[in-house]
Amino acid sequence: MCMRLIKTLVLGLGVAPMLASAAPILPGLWEISTSNMAVDGQQMPAMDVMIEKLKTLPSEQRQMMEQMLAKQGVQLGDSGVQVCLSEALVNSDELPLQEQSGCKQTVTDRSDKLWAFTFDCPQAKGQGETRFINDKQFTSTVTSTFNHQGKQQHGTMQTNARWVGADCGGLKPQQAN
């Protein structure tokens, strides 16, 4: 799998479920892992498999990928990507990443346990739903269309997000706009 496709998947699909996370969850460090990810009907490796592949990249390439992710407020975790959600963000009705990524998102249905949403980003658009299991775990299902190297592709995936802890270490928190 080429590095560009990994970047597109991580940022285009992998980060999308976070967009709906401004809900009854705890602030702090969250790890988001994927399963059942497919692009144009072809099953893709789960996030933990991609992370293991990233670990085998030459150090210069891996540093480049980690720096690119860090600019987006994302770091690699054990089995997924990690983000830090600020207290202001989880207490707001605003959605993270809109300002920095050019994404617009609309929550089309909202309850204590389920948010349905659509999103429109410069390189991706789609829809999904997030189910809140408790304040330390949520799952999402996302379908999207995205542009990869000038080619329109269709992607689907499921994610699981779990709260790692209140301390985000050196990772910059996502803020409410």
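Computed values, structure above
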quantity: Answer from ASP120, ASP93 - the residue that is modelled with pLDDT of 85 or more and surrounded by fewer than 16 Cβ atoms within 10 Å (Cβ to Cβ); calculated: ASP120
quantity: Residue among THR130, THR141, THR106 that alone is part of a strand (DSSP E or B), within 13 Å of the chain's Cα centre (by Cα) and modelled with pLDDT under 90; calculated: THR130
quantity: Single condition ALA116 does not satisfy, out of (1) outside any loop (DSSP other than H, G, I, E, B); (2) in contact with a Gly (Cβ under 7 Å, 6 or more places away or on another chain); (3) not aromatic (Phe, Trp, Tyr); calculated: (2)
quantity: Complete set of residues in region 41-71 that are surrounded by 18 or more Cβ atoms within 10 Å (Cβ to Cβ) and either touching a Phe, Trp or Tyr at 6+ places or on another chain (Cβ under 6 Å) or within 15 Å of LEU29 (Cβ to Cβ) (or both); calculated: LEU69
quantity: In region 123-155, the residues that are touching an Asp or Glu at 6+ places or on another chain (Cβ under 6 Å), over 24 Å from VAL90 (Cβ atoms) and surrounded by 14 or more Cβ atoms within 10 Å (Cβ to Cβ); calculated: GLN153
quantity: Filter pass, LYS125 being farther than 26 Å from GLY165 by Cβ and not in a strand (DSSP E or B); calculated: no
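The values are calculated or read from the model by the stated rules, or taken from the named source; none is laboratory data. Please read all numbers here as calculations on a predicted model, not as lab measurements. Reconstructed Cβ throughout: ideal geometry from the backbone, glycine too, with neighbour counts over all protein chains shown.
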